[in-house]
Amino acid sequence: MSPVVLAESGTETKIFVLDTNVLMHDPSALFKFQEHHVYLPMTVLEELDNAKLGVSEVARNVRQTNRFIDELLTAQKEIEIEKGLQLSQFKATEEPYKCSGRLFFQTVAHGPNLPKSLPGNKNDNSILNTIISLKEEIADHEIILISKDINLRIKATILGIKAEDYANDRVVDDLDLLFSGSRQLASDFWDVHGKQIESWQEEGKAFYEVESVAGEAWYPNQFIYIDNDFEAIVRRKSGSGVLIEVCQNFYGQRHSVWGITARNREQNFALNLLMDPEIDFVTLSGSAGTGKTLLALAAGLTQTLDQGLYKEIIMTRVTIPIGEDIGFLPGSEEEKMTPWMGALMDNMEVLTGSDQKNSWEQAATNDLLRNRIKIRSLNFMRGRTFQNKYIIIDEAQNLTSKQMKTLVTRSGTGTKIVCLGNLKQIDTPYLTETTSGMTYVVDRFKHWDHSGHITLMNVERSRLADYASEAL
């Protein structure tokens, strides 16, 4: 007996066999294959059952997947399983998915003694054996394995099975296409637009209104510059024109932020975003040593202690080690997070000038800052609301899009969130540069008037770090 019945499907309809890790990563993957069919081997359902317990993000996704499948089964009790569950009848998801395919389950056992099958009882081999049998029974439909496991895709390709990564959560096709936050204008910009530009000054700030040219993309709070002569920020689109404001100058010591000055153009852009109270969400990306944490902390201390815009600074990050895990950490939540906050401690030494103070002054400064800077774990963020806080999310490239959504939606009135990350250093399994939660928010927030992004380019840590980032 054939495991699926495809009497009403055309030969151009494909069958996508989903690996467990796809559903662990995105439960809504069931509904994202449009007119094509989805097939779940029994091994996948067993692995979902084994991973459903716990409070991790994976366990939550597994439980959501199980709820989706249960609601599909409940809504279509009269249908024969072999004919599949109609995915288009499911209306309980957060967003309407345009899918017209069916969900099929493995109902016939496929043992390892079949021709061309793999030996042993490994789950990956069981999935591959199921696909091999499925290809023999349904020869007129293309069958594709979808998995985030590279090794499984390699084994499938060796066996003649078409295998692909799950790409529906990919924000951009290539990281080079991601919004950088800044844009260089042609050197003849003023000559070309001269007759279409209006300029004025207001409250000590210089503004320009430029007529928008067809084909030019202008985003709110995007920075524009002309060589080393002109730096400005796009404030808003107004009809057919674009309102531009000349950037504040944070280069000289007179305009320093908690003693920190901009060493390059991108750092000046970053400080313009960080010091602007009208911008609620800031993302800073860049390689190690470009100054992301230092700039964010300096701006946070100035606006918290000097200007009183925020009550306190909250800093958090994902706890993923580079090497072997050091194991259980005793103490309170803040004490457990301290080993992960080396970047905070290093930058605090720079900002407080510890090498220029005696022990009494340093102790007094540390006590003051300890009362205004809180270290929090991501594990306890769900359900909270932060009012009038300056939140720094470090290593944001290791967050998934759903984790990022959970964190950003914690913000209450008067809260500013700053996300820092290096998209070249992702440690979370199954997460890539194009699917990272930081990539996701940079792309989704680029049209919003109260957000800004900048990619820091130059390493300013030291000449050794600068050379190492290029040569190694």
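Using the Cβ-Cβ distance between Lys122 and Trp448 with R0 set to 45 Å, the FRET efficiency works out to roughly 0.45. The length gained on full extension between Lys237 and Asn249, counted as 0.36 nm times the residue separation minus their Cα-Cα distance, comes to 2.0 nm.
Take the Cα of Met42, step 7 Å toward its Cβ, do the same at Asp188, and the gap between the two points is 7.2 nm. Dimensions of region 15-164 along the principal axes, based on C-alpha atoms and rounded to the nearest Å, stand at 41, 37, 25, largest first. The HN-Hα couplings worked out from phi for region 448-457 by the Karplus form 6.51 cos²θ - 1.76 cosθ + 1.60 (θ = phi - 60°) are 8, 5, 10, 9, x, 9, 8, 9, 7, 9 Hz, whole numbers, x standing for Gly and Pro.
Residues whose amide H comes within less than 5 Å of that of Arg236, counting only those at least five positions distant or on another chain, are Leu243 (H built at 1.01 Å from N in the peptide plane). Among the listed pairs Lys122/Lys402; Lys32/Lys162; Lys122/Lys162; Lys14/Lys424; Lys52/Lys402; Lys98/Lys416, a Cα-Cα separation exceeding 25 Å is found for Lys122/Lys402; Lys14/Lys424; Lys98/Lys416.
Computed extension gain for Ser56 through Lys205, at 0.36 nm per residue and net of the alpha carbon distance, reaches 48.8 nm. Per-residue 3J(HN,Hα) values for region 227-236, derived from phi via the Karplus relation 6.51 cos²θ - 1.76 cosθ + 1.60 with θ = phi - 60°, read 6, 10, 9, 8, 10, 8, 10, 6, 8, 6 Hz in sequence order (x marks Gly and Pro). So what does the Cα-only Debye profile of region 163-269 read at q = 0.10, 0.11, 0.22 Å⁻¹, as log10 I(q)/I(0), no solvent term? Scattering profile of region 163-269, log10 relative to I(0): -0.39, -0.46, -1.27.
Compared with the alpha-carbon gap, the fully stretched path from Glu349 to Thr409 is longer by 18.5 nm at 0.36 nm per residue. Between Glu71 and Met457, what FRET efficiency comes out of the Förster formula 1/(1 + (r/R0)^6) with R0 = 45 Å and r the beta carbon distance, rounded to 0.05? E between Met457 and Glu71, to the nearest 0.05, is 0.40. The packing ranking, built from the mean of other Cβ atoms within 10 Å per residue, places the peptides 401-409, 267-275 in the order 267-275, 401-409, highest first. Binning all Cα-Cα separations of region 257-305 at 5 Å, short to long from zero, yields these whole-percent fractions: 4, 22, 36, 25, 11, 2.
Shown is the FRET efficiency for Gln34 and Lys83, computed with R0 = 22 Å from the Cβ-Cβ distance and rounded to the nearest 0.05: 0.70. Residue-wise HN-Hα couplings along region 269-283, as the Karplus relation 6.51 cos²θ - 1.76 cosθ + 1.60 with θ = phi - 60° gives them from phi, are 4, 4, 5, 4, 6, 5, 8, 8, x, 7, 9, 8, 9, 10, 10 Hz; Gly and Pro carry x.
Each value in this text was obtained by applying a stated rule to the coordinates, not by laboratory testing. Predicted model only: the values in this text are computed from it and were never measured. Neighbour counts are summed over all protein chains in view; Cβ atoms, including those assigned to glycine, are modelled from backbone coordinates with ideal geometry.
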